[in-house]
Amino acid sequence: MPDWEKSSTARVIPPARPRKLAKAPFVELADGRLQGVVSSGSDIERVYVSSVTAGSYAFACSTNNNRPCGGARGSFCNHIRTLINEAVLQYGAGRVARYLRVELAEPDADSMTAAMSAARPAPDGTRAAATVFSRFLRHLAYLELAPVTTPVPELQWFPPTRMTA
C-alpha cells in the first residue's frame, strides 16, 4: 500500500493552470456532473448554478434563488460554457473529458462543448442546483475560519478508529 493511502490526509491535485475565481468561484466534478457556481456577467449580486451530467450531457442553469437562466433554452448558455472553460483550467481537458465521457482525440473546452451540443435540459436541474449552491456556501464558510494548527472538528471527516465505552 502506498504511503499516501495510509495517511489521514488527501492528496491535493494542483490546478492544470491558474484560473480567475471571479468568473467561476466554485467548480467541481462530483455526483456524476460537472457543476459549479458562475458569476453573472451583468449583475454583481447574482450567481448562476450550472451543471452538465456525464454521459447524457443533460444540463441545468439557474440563479442562486432557483430562477431559470434565460440563455439555457435548448442549448448551453454562456454560464455553462464558462463552467466548462474553467473546469478545463482547473482539472485539465483530458480529465474533464473522461469524467463527462466525451470521446475526443485531443479535447479542449471548445471541442467538448461542440461534442455535447445535442444535450437537453436536465429534468432535475433545480434539485441539483440546491446541492451545488449549498456546497459552495460551505466552502465559503471554511475560508472564514481563523488559521489554526489544532484540529478543527468540522473538518475531521474520518471517525476515530477506536470506540470508547
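Laboratory data are not the source of any read-out in this text; all were calculated from the coordinates shown. Only a predicted model underlies this, so the values are computations on that prediction, with no experimental measurement involved. Here the Cβ positions follow ideal geometry from the backbone for every residue, glycine too, while neighbour counts run over all protein chains shown.
Could you list CYS77, CYS69 so that the one with the fewest beta carbons within 10 Å of its beta carbon is first and the one with the most is last?
Fewest to most other Cβ atoms nearby, the residues stand as CYS77, CYS69.
Express in nm, to one decimal, how much length is gained between ARG67 and ALA118 on full extension, taking 0.36 nm for each residue of separation and deducting their alpha carbon distance.
Between ARG67 and ALA118, full extension yields an extra 16.0 nm.
Starting with the fewest neighbours, write out TYR99, TYR48, TYR57 ranked by other beta-carbon atoms found within 10 Å of each beta-carbon.
The fewest-first ordering by Cβ neighbours comes to TYR99, TYR57, TYR48.
Among VAL27, VAL37, which comes first, second and so on when ranked by fewest other beta-carbon atoms within 10 Å?
The order, fewest Cβ neighbours first, is VAL37, VAL27.
Determine the sum of side-chain charges near CYS69: Lys and Arg each +1, Asp and Glu each -1, restricted to other residues whose C-beta is under 13 angstrom from that of CYS69.
For residues surrounding CYS69, the net value is +3.
Name the residues whose placed amide hydrogens come within less than 5 Å of the amide hydrogen of ALA24, ignoring near sequence neighbours (fewer than 5 apart) on the same chain.
SER39
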